[in-house]
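Quick notes on the structure that follows.
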Amino acid sequence: MKTRHVLLLSLLAALLLLPLVEAEARIYILQIFIFLFLNIVLAQSYDIVDGAMGYLNLGHICFFALGAYSFGILYNAGLAFPLALGLAVAVVVGFAGAISYPFFRLRGAYFALATFGLVKLMEHITINLGWLTGGSNGLKIDPADRSMPVYYISLAVVVAVILLSWRVSRSRLGLAMNAIREDEEVARDFGVPASRVKAQALMISAVFPGMIGAVYTWNVNFIDPNQVYGLKIALTPIAMALLGGSGLLVGPVIGAVFLYLAEELLWTHLAHLQGAIMGLVIVLVGLFMPGGLARLKGVAGLLGWVGWLEEER
Amino acid sequence: MVPILSAQNVSKHFRGLEALSGVDFQVAEGSITSVIGPNGAGKTTLFNVIAGNQAPNGGQIRFRERVISGLAPNSICRLGIARTYQNVRPFLGLSVWNNVKVALLFGRREPLPSAREDAEIESVLEFAQLTAHPARKAETLTPLERKRLEIARALATDPEVMLLDEIVAGLSPAEALQMMETIRVLNGRGITILLIEHVMKAVMGLSSHIIVLHHGVKIAEGAPKDIARDQEVIRAYLGDAGEEG
Amino acid sequence: MDTTILVQLVINGILLGGVYALAAIGLSLIFGVSGVLNLAHGEFLMLSGFLVFVLHDTFQWDPFLLVALVAPLFFLVGYAFEKALIRPLAARKEHVRLASAVLVTLGAALIAEDFAAFFSQDVQFEKSVDLFLPTLVIGELYLPSLKLVVFFLVMLLILALFLFLKFTFLGLAVQAVTQNRQGAMLNGINTTRINAIAFGIGTMLAAAAGGFEVIHSYVAPNIGLPLTMKYLCVIVMGGLGSFVGVALGGIIIGLGESIVGFFHPAWGQTVAYLLLVGVLLIRPKGLLGT
Ligand SMILES: Nc1ncnc2c1ncn2[C@@H]1O[C@H](COP(=O)(O)OP(=O)(O)OP(=O)(O)O)[C@@H](O)[C@H]1O
Ligand SMILES: [Mg+2]
């Protein structure tokens, strides 16, 4: 086995063993990782549609929120965890399939705009359907500390989303998505069934946020519309993907780790202007790093040494 | 014999502008047929209508007996009609290899067994003289290489008909001769060629049949020597754009 | 149902929609010229509202006079904003440019909101200018005269913009760039400069709307992004690039909110987003677009 594989596997092993360590602040530490995993999943799955296919889906968070709510409702209806989880994911993927055809008639800024509007629309609908969702009072499930299973499931979802991105990037579908990103009309002219490809891509990108949304509800026991549709949670994963390097296999992962840790370690300790610092970081990313962290020389070299990580989607 | 490609009374207008009006033509299987006409005559529009990029406002396009107008471009490509663009449009961010691979995977009537894909891509690249750097992104190619990539991509779909939009234009005389030879070889492989060209030497040298468009109307057609003598063509076309040939 | 109530709701809706239209026209101008979705647009409105409030609070000057002073200032702000943050993105590939612009304007929006919240000590703290004008009562209809004055001024500004675009050289250049960027460039129009000017004018209109908001309603640090979303709804309704359409879009959304909100208060605020998504899906080029 090569050194780099040993390295990756030891990282995974360390993450697997982490919850077994006895420590005062164990739950706190687990929760930090759980939210890191959440961000990684959102950023990485977002980039399936943006980085690989060139569509700016500002409504990616809808999949997460819908997963969170569907799960909460089904779980409260008495379904067992795995069943509620599975059904929630099915709802989300069905939703992605249903919105795909109308939304993908739009391109560029119009697509971004419509998907951005979708976030607000879904939020309002969630608020207004109080009988189902609890409205702005939120939705509770029976409270419990589930840090341990949540940690492992989230980690598994992270691994799955990375492996799936990798699979897609080497597949026929991935190539078709790339062609659509470069020039959709030409792609069609050369036989790419663009509508179907776009629908498939959107559905694939919806699976994991749907799943992690369900897990989120299971973990925090309480959700409300502002929490799951809020602008911060809607847009940070996108910023992470672009910061890390959109279009690169693990770019979004790098961006998520970097931005999340920076936020946790640095400016959450400030009393004021946390939002402004976050904003500043986002502005700087937009201005100076169209390629993202993963395309910086040093980082790219390191990834190249580990192998396949530097690959494009 | 049924023509491989034909148009019946095809019209296309953009707001007030008649880009094509009542165009009829037939392309014989195995031929090299040229479409000529001054700038803005409607030649590219005709290609767009054939390839399914734009729906005609009236009339029909047939591929053999089958009416293809109204089909999506991806279906038309799979039927065996491949095109190139007047302004080349490679997938800039993809490698040369993947540019061809897209066409190979999605554009063919029958998918190739995956074991033969790589060999086929290689042979297409070799035909188009692009074997040097298959991993290079298309954005790094020279204009000549980009034209070759257009050919390679079209060829990878294993087409019966190739629509070549000004593929010779803009090349140096030596390159133009080479490109003409390429077209002849393609035709020799049994691919019917429909060619838009301003370069008269290429048109006259290659084609067995010529269709002349002017302001969206077909004003003449026939063998090259007849077209060269046709008074109306000379007035409409050779008068103002013919010198370059 | 009582027709008086309906007439009253329509009047309220139109008065509400007027201010939407003003700011939305600004955003539409920016999008039309530069192709950038400016997510910071609502922040300029919010900031200008705060500025008017603070100046009024400190010097007790007439708030309408303050709007006239503050809005032109925001022309410079918009101009500088374009120069510093949008222009550097121009050379990127289209979808990268779009993503970068979303990031940059969004980041700017977050900064603006947080600073406003910091200085006013609360995100939701609502500031408004205390200005009272008697309500006109005609029959059973109530016409808040303050809103009427604002509506009148809004219409005046829209008319001024219309004349500017129709009859000045600069205005025609702006329109040319909106319609065909490449063509305008080939005709010797300095598109880079027009971009900045469009941002300036658009931002100025947002600032004027912000001043009006603080006069007849209120501003708070966190109203920026939701308002931007609403303006995006308005311009999508009207069809990008059509000023009459956008003005109409503003009124339609104002009407929708006023009427739906009367019967189902909770759904009133949903109207705009429903229209945004609905219109985009059914008529991607807007209600009046072709
Ligand atoms: N999408 C379009 N919208 C509006 N007008 C168009 C469009 N496409 C082409 N036209 C117009 O239709 C006419 C025919 O254009 P076309 O591109 O087919 O000409 P052409 O014969 O290929 O000319 P050239 O030799 O310059 O390539 C032109 O007047 C052109 O401006
Ligand atoms: Mg042409």
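Every read-out reported here was derived from the displayed coordinates using simple, explicitly stated rules and does not represent laboratory data. This structure is a prediction, so every number in the text was calculated from the model and none was measured. Cβ sites come from the backbone with ideal geometry, for glycine too, and all protein chains shown count toward neighbours.
Give me the net charge of C:C233's neighbourhood, meaning all other residues with Cβ under 12 Å from the Cβ of C:C233; Lys, Arg count +1, Asp, Glu -1.
Working: positive: A:K120, C:K230; negative: C:E257.
Result for the neighbourhood of C:C233: +1.
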- Message: Whole-Hz ³J(HN,Hα) for each residue in the range B:188-198, computed from phi via Karplus 6.51 cos²θ - 1.76 cosθ + 1.60 with θ = phi - 60°, x for glycine and proline: what do you get?
- Response: x, 7, x, 8, 6, 10, 10, 10, 9, 8, 9
- Residue of C:G239, C:G250, C:G188 that the Gaussian network model of chain C assigns the largest fluctuation, springs spanning Cα pairs under 10 Å: C:G188
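If you take each beta carbon of peptide B:101-112 and count the beta carbons of other chains within 10 angstrom, what is the mean? Each step should come with its number before you reach the end.
On the way: counts 3, 12, 7, 2, 7, 12, 4, 2, 1, 0, 1, 0.
Mean inter-chain Cβ contacts per residue within 10 Å come to 4.
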- Estimated inter-spin distance, A:L17 and B:L112, nm [label 7 Å along Cα→Cβ]: 4.9
- Query: List the lysines whose alpha-carbon lies under 29 Å from that of A:K2, not counting same-chain residues fewer than 8 positions away?
  - Reply: A:K297
- Dipole in debye (nearest 20) - the range A:3-306, about Cα centre, beta carbon charges: Lys, Arg +1; Asp, Glu -1: 580
- Message: Tell me the relative contact order for chain C as a rounded percent, counting alpha carbon contacts under 8 Å between residues six or more apart.
- Response: 38
- Gaussian network model of chain A, Cα within-10 Å springs - most flexible of A:G134, A:G292, A:G251: A:G134
- Item | Separation in nanometres of the label points that stand 7 Å from Cα toward Cβ, at C:F152 and A:A80 | 7.3
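Would you mind ranking B:T140, C:T58, C:T228, C:T203 by Cβ crowding within 10 Å, fewest neighbours first? Walk me through the intermediate numbers first.
Numbers: B:T140 11, C:T58 8, C:T228 28, C:T203 34.
The order, fewest Cβ neighbours first, is C:T58, B:T140, C:T228, C:T203.
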- Item | Number of partner chain Cβ atoms within 10 Å, mean per residue of A:103-115 | 5
- Note on the structure: By the mean-Cβ-within-10 Å protection proxy, highest first, C:36-44, C:158-166 rank as C:36-44, C:158-166
- Query: Which ³J(HN,Hα) values, rounded to whole Hz and listed in residue order, are derived for the range C:56-68 from phi using the Karplus coefficients 6.51, -1.76 and 1.60 in 6.51 cos²θ - 1.76 cosθ + 1.60 with θ = phi - 60°, glycine and proline given as x?
  - Reply: 5, 5, 7, 9, 6, 6, 5, x, 5, 4, 4, 4, 5
- Note on the structure: In this structure, the FRET efficiency calculated for A:L261 and A:V6 from their beta-carbon separation, with R0 = 25 Å, to the nearest 0.05, is 0.55
- Fewest to most neighbouring Cβ within 10 Å: what's the order for C:V10, B:V67? B:V67, C:V10
- Kirkwood Rh (inverse of mean 1/r, distinct Cα pairs), chain B, angstrom: 18.3
- Query: Quick one: if you stick a label point 7 Å off each Cα along the C-beta vector at C:N190 and B:R64, how many nm between them?
  - Reply: 6.2
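Subtract the Cα-Cα distance of C:L65 and C:L143 from 0.36 nm times their separation in residues, and report this length gain in nm to one decimal.
Numbers: separation 78, 0.36 × 78 = 28.08 nm, distance 2.30 nm.
Gain on extension, C:L65 to C:L143, equals 25.8 nm.
I need to check one value: relative contact order of the range A:3-306, counting alpha carbon pairs closer than 8 Å and at least 6 residues apart, in percent. Numbers along the way, then the final one.
Details: 415 pairs, mean separation 91.5, N = 304.
Computed value for the range A:3-306: 30 percent relative contact order.
With r as the distance between the Cβ atoms of C:V10 and B:L144 and R0 = 60 Å, compute the FRET efficiency 1/(1 + (r/R0)^6) and round to 0.05.
Values: r = 66 Å, r/R0 = 1.10.
Rounded to the nearest 0.05, the efficiency is 0.35.
Rounded, prolate or oblate: which fits the range A:179-313, taking a ≥ b ≥ c as square roots of the Cα gyration tensor eigenvalues, rounded meaning a/c under 1.5, else prolate when a/b beats b/c? If you can, show how the numbers build up before the last one.
Numbers: a/c = 1.94, a/b = 1.28, b/c = 1.52.
Oblate, because a/c is 1.5 or more while a/b does not exceed b/c.
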- Note on the structure: Distance in Å, no decimals, from the C-alpha centre of the range A:41-67 to the one of the range B:52-126 is 30
- Item | Under 24 Å from the Cα of B:K147 - lysines, other chains or at least 8 residues apart | B:K43, B:K101, B:K137, B:K201, C:K93
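Take A:V119, C:V246 and order them by how many other Cβ atoms sit within 10 Å, fewest up front.
Details: A:V119 23, C:V246 31.
Ascending number of Cβ neighbours within 10 Å: A:V119, C:V246.
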- Query: Which of the lysines could be linked to C:K166 by a straight reach, that is with a Cα gap under 25 Å, when you skip same-chain ones fewer than 8 residues away?
  - Reply: C:K285
- Per-residue [θ]222 nm for chain B (sum of -39500 (n - 2.57) over DSSP H runs n ≥ 4, rounded to 500): -10000 deg cm²/dmol
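What shape does the range A:3-306 take by its C-alpha gyration tensor, where a ≥ b ≥ c are the square roots of the eigenvalues and a/c under 1.5 counts as rounded, a/b above b/c as prolate, and the rest as oblate? Mind showing how you got there, number by number?
Details: a/c = 1.43, a/b = 1.09, b/c = 1.31.
Rounded is the answer for the range A:3-306, as its axis ratio a/c remains below 1.5.
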- Message: Going 7 Å from the Cα of C:A84 along its beta-carbon direction, which residues of the range C:162-196 have the amide nitrogen within less than 19 Å of the resulting point?
- Response: C:193, C:195-196
- Over chain B, what relative contact order in percent results from Cα pairs under 8 Å that are six or more residues apart? 26
- Message: Whole-Hz ³J(HN,Hα) for each residue in the range A:193-207, computed from phi via Karplus 6.51 cos²θ - 1.76 cosθ + 1.60 with θ = phi - 60°, x for glycine and proline: what do you get?
- Response: x, 4, 4, 5, 4, 5, 5, 4, 4, 5, 5, 5, 5, 8, 4
- Query: Tell me, what is the FRET efficiency for C:E126 and A:N221 to the nearest 0.05, using R0 = 22 angstrom and their Cβ-Cβ distance as r?
  - Reply: 0.10
- Query: How much length is gained on full extension from B:N9 to B:K225, taking 0.36 nm per residue of separation minus their Cα-Cα distance?
  - Reply: 75.2 nm
